[in-house]
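Take a look at the structure below.
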Amino acid sequence: MDTIANLFSFITTPVSWVIVQFHTMYGAIFGPDTGWAWGLSIVSLVVLIRICLIPLFVKQIKSTRNMAALQPKMKAIQERYKSDKQRQSEEMMKLYKETGTNPLSSCLPILAQSPFFFALYSVLSHIAEGKTIGVINESLLASARQAHIFGAPLASKFTDSAAEVAALDASLTSVRIVTAIMIVLMSASQFFTQRQLMTKNVDLSVKTPYMQQQKMLMYIFPLIFAVMGINFPVGVLVYWLTTNVWTMGQQMYVINQNPTPGSKAQDAYLQRLLKSVTHHGEVRGRRRKNIVKLIVAKGSDRNDNERRFFTGLSKAGFAAQADGTVVKSDTVAAEAEGAATVKRQQPKRQSKAQRQSGGHKAEDSAEATTSLEKKPQDSTTESKPQAPSRANSGTTRQAKSGQRKGQQRPKHPSSKK
């Protein structure tokens, strides 16, 4: 570790200068020799570095999403050119160039933060050894060696011997308890950050080996930090715990406000947006309008979450526009309500016997109605029922055989029978 720290010795002076400036500010409040002054100086150093790395963090998010979306195409290239590694590499580079994806972008924040991490490690190691470094002179060195964080010296480590800890005016038990707790918190925050990313902000419609790799890293990274943490000074543990907490909070904000398409986080975000639109009658905020605009532009390529969002808008009587706004549409609401009513009023499915029985009943009812309408009514005389004659029977048989039906014209009273 000391060898690696020496490689970044060129940045130890700027890092030590920043720490001293923050120490001067906090020392005026808590006292120059307190652990609060030196500990908060390290925390402020982390915050300053992470603010400067926000643009790289944005690139990391975009690169991670692009890599996840390209996994099916990458797998197809690997299967197609599995016997030609050179052609496989060429096709991969072509795919990266066409999509504007940089595989190293996901590692940029860690790589950019590494020099500051090792520079801080070098500064704290020199403090533990009683050596000046950068802008930390003899007086500042003595002040830093007296600073304790919950009873553990700033430059002490879990692996230090009792004599080394005693030289810093502390007990071995307090040092190991404090460092063990900080190592556990550091590893737990790393695990929770990765788990949050995998469970909420991953496109569930894409099943690729990339997801399996991320799941493995979710368990491997915390173990690496736990093993390496026993060799970190307390000040470095403060640094790394702070940067993990910052990463976790930054990621929570991104997941809630700009989730990955197709993820559970996107579904939750669109449901919140739907409630806001239904309550206020409009899309509030430029960022929300841009999201609605992008979803409208997708057309038929929308995922399930986005389709559910548009269905909810239609049921609420709103229609999304190409500019990201929504308009009240009574036609959309009426169509949605009518479709739901028709769906609810669909008749139950009948068996074949029930359909035939219903058909015969309908025919009999129609015949009865027709005969009643066509039966002559005489207001002066009341016709008496007569027994059916042979001629009438023949007529009936002829009518049944397909001849013309209908009532015969009555004979004149003067005509002979």
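The figures follow:
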{"read-out": "Considering residues of the stretch 269-291 that are assigned to a loop (DSSP other than H, G, I, E, B) and out of contact with any helix residue (DSSP H, G or I) (no Cβ under 7 Å at 6 or more places or on another chain) only, the residue surrounded by the fewest Cβ atoms within 10 Å (Cβ to Cβ)", "value": "Gly285"}
{"read-out": "Residue match in the stretch 287-296 (condition: assigned by TED's automatic domain parsing to the domain that holds Gln321, at pLDDT 90 or above, under 15 Å from Ala319 (Cα atoms) and touching a Phe, Trp or Tyr at 6+ places or on another chain (Cβ under 7 Å))", "value": "no"}
{"read-out": "Filter result for the condition that a residue is assigned to a helix (DSSP H, G or I), surrounded by fewer than 16 Cβ atoms within 10 Å (Cβ to Cβ) and either of a type in the set (A, V, I, L, M) or modelled with pLDDT of 85 or more (or both), over Asn305, Asn231, Asn256", "value": "Asn256"}
{"read-out": "Residue match in the stretch 89-108 (condition: among the charged types (D, E, K, R), within 30 Å of Tyr26 (Cβ to Cβ), assigned by TED's automatic domain parsing to the domain that holds Gln250 and surrounded by 14 or more Cβ atoms within 10 Å (Cβ to Cβ))", "value": "no"}
{"read-out": "Any chance Ile49 is over 30 Å from Gly262 (Cβ atoms) and in contact with a Phe, Trp or Tyr (Cβ under 6 Å, 6 or more places away or on another chain)", "value": "yes"}
{"read-out": "Members of the stretch 123-144 found to be under 21 Å from Asp169 (Cα atoms), surrounded by 19 or more Cβ atoms within 10 Å (Cβ to Cβ) and modelled with pLDDT of 80 or more, listed by number", "value": "Val123, Leu124, Ser125, His126, Ile127, Ile136, Leu140, Ser143, Ala144"}
{"read-out": "Residues of the stretch 108-129 classified as free of Cβ contacts under 8 Å to residues at least 40 places away in the same chain and under 28 Å from the mean Cα position of the chain (by Cα), total", "value": "2"}
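The values are calculated or read from the model by the stated rules, or taken from the named source; none is laboratory data. Predicted model only: the values in this text are computed from it and were never measured. Cβ: placed from backbone, ideal geometry, glycine included. Neighbour counts: every protein chain shown.
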